[in-house]
Amino acid sequence: EFYAEKGFENKPVRCRDCRDKRRRSRDGEGAREQRQMFTVVCAECGKETEVPFEPKNDRPVYCRDCFQAKKNA
């Protein structure tokens, strides 16, 4: 009844303990790998900044402030 009331069509695959364990591991309780950051120079203002992706030479990379300004323009 509970699942039908919530609009779920399928019965749960995991028991409550297994769901809780899985949720805790996703929420950062387990060791999470640190994201690699790359140091770049902003194409707009020239300020040095870090980005979570490897920049390509064919596209400009902006610092957070310049990126927001371009996004809102």
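The values are calculated or read from the model by the stated rules, or taken from the named source; none is laboratory data. As the structure is a prediction and not an experimental result, all values here were calculated from the model. Note that we place each Cβ from the backbone using ideal geometry, even for glycine, and neighbour counts take in every protein chain shown. SASA here: full protein model, heavy atoms, side chains in, ligands and nucleic acids out. Shrake-Rupley method; radii C 1.70, N 1.55, O 1.52, S 1.80 Å.
Restricting attention to the chain, lysine pairs at least eight places apart or on different chains and with alpha-carbon atoms under 30 angstrom apart total 7.
Rounded to the nearest 20 Debye, what is the dipole magnitude of the chain about its Cα centre when Lys and Arg each give +1 and Asp and Glu each give -1 at the C-beta?
280 debye
With the full set of protein chains in place, find how many percent of the accessible area of the chain is carbon and sulfur; take the probe as 1.4 Å.
Values: 3220 of 7280 Å².
It is 44 percent, rounded to a whole number.
Prolate is the label for the chain, because a/c, from the alpha-carbon gyration tensor with a ≥ b ≥ c as root eigenvalues, is 1.5 or above and a/b exceeds b/c.
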